[in-house]
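Step one of this worksheet: look at the structure below.
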């Protein structure tokens, strides 16, 4: 049941069920496995699209697919977070801005710049290593949300993110982490641990920054961390490949 819950929370699949607090917490264990499924879809699409389309257009369509599979939820969270963090405001004012469904100027500009960076990071990946990065990035980015939920306080008095925060236990985090490390090593061998280290650094910096300004994290910031860590993995794999630090597969 936890896996079904994870699919409902992280994908656009038409699953409409009500879950108990225990099942919500248990769902975090399966976040990396949902990332594997998303990664496999991306790898398959990349293979098919590369047969008929140039790399640049393929990269753009992979971005569309990645956003579509999550219903654009995480990108929306990224834009809302950028709107909330702009300017000099109190934590309460920032949270109220982030609750507004309309995107502001800072959110629109930030989202556009982020998508440019995501496109550049995908198109810069060597053909040989692109499938590995497409498979690894969703795994590590979904795990990054588990770490954010477990280690940092929640900023709002209610909400879906609050349900996760109250339900997640150290056992859930440990199991999700062990699964993530195993998948990382299987996908990219020891070099994958460098990507994992990069994700840990991103989570630490972003979550600490958000907590300082918002007095905690929210569902929007979870989405923002997910999106940035996805691109972070692409960049790290590009860096490793360019410098010849990836082992032959």
Does the range 157-207 come out rounded, prolate or oblate, given a ≥ b ≥ c as the square roots of the eigenvalues of its C-alpha gyration tensor, rounded meaning a/c under 1.5 and, failing that, prolate meaning a/b above b/c? oblate
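Stretched out fully, how many nm does the piece from residue 4 to residue 178 gain, at 0.36 nm a residue minus the Cα gap?
60.6 nm
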By the mean-Cβ-within-10 Å protection proxy, highest first, 66-78, 133-145, 7-19 rank as 133-145, 66-78, 7-19
Compute the relative contact order of the chain as a whole-number percentage, counting only Cα pairs closer than 8 Å that sit 6 or more residues apart in sequence. 28
For the chain, evaluate the Debye formula with one uniform point scatterer on each Cα (no solvent term) and list log10 I(q)/I(0) at q = 0.16 Å⁻¹, rounded to two decimals. -1.19
Taking the alpha-carbon centre of each part, the distance from the range 205-249 to the range 133-178 in Å is 14
Report the dimensions of the range 134-238 along its three principal axes from the alpha-carbon atoms, largest first, rounded to Å. 41, 27, 17
Hey, with R₀ at 35 Å, roughly what FRET efficiency would residue 127 and residue 201 work out to, going by the Cβ-Cβ distance, to 0.05? 0.80
Going by alpha carbons, how many degrees (0 to 90, nearest 10) lie between the helix axis of 73-85 and the longest principal axis of the chain? 60
Applying 1/(1 + (r/R0)^6) with R0 = 30 Å to the Cβ-Cβ distance of residue 242 and residue 57, what FRET efficiency is obtained, to the nearest 0.05? 0.80
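Given the -39500 (n - 2.57) contribution per DSSP H run of 4+ residues, what per-residue ellipticity at 222 nm results for the chain, rounded to the nearest 500 deg cm²/dmol?
That calculation yields -25500 deg cm²/dmol at 222 nm.
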Helix 31-52 sits at what angle to the longest principal axis of the chain, using alpha carbons and giving 0 to 90 degrees rounded to 10? 40
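The numbers here are math on the coordinates, done by the rules we state, and not lab data. Keep in mind that what you see is a predicted model, and the values were worked out from it rather than measured. A quick note on method: Cβ atoms are made from the backbone with ideal geometry, for glycine too, and the neighbour counts reach across all protein chains shown.
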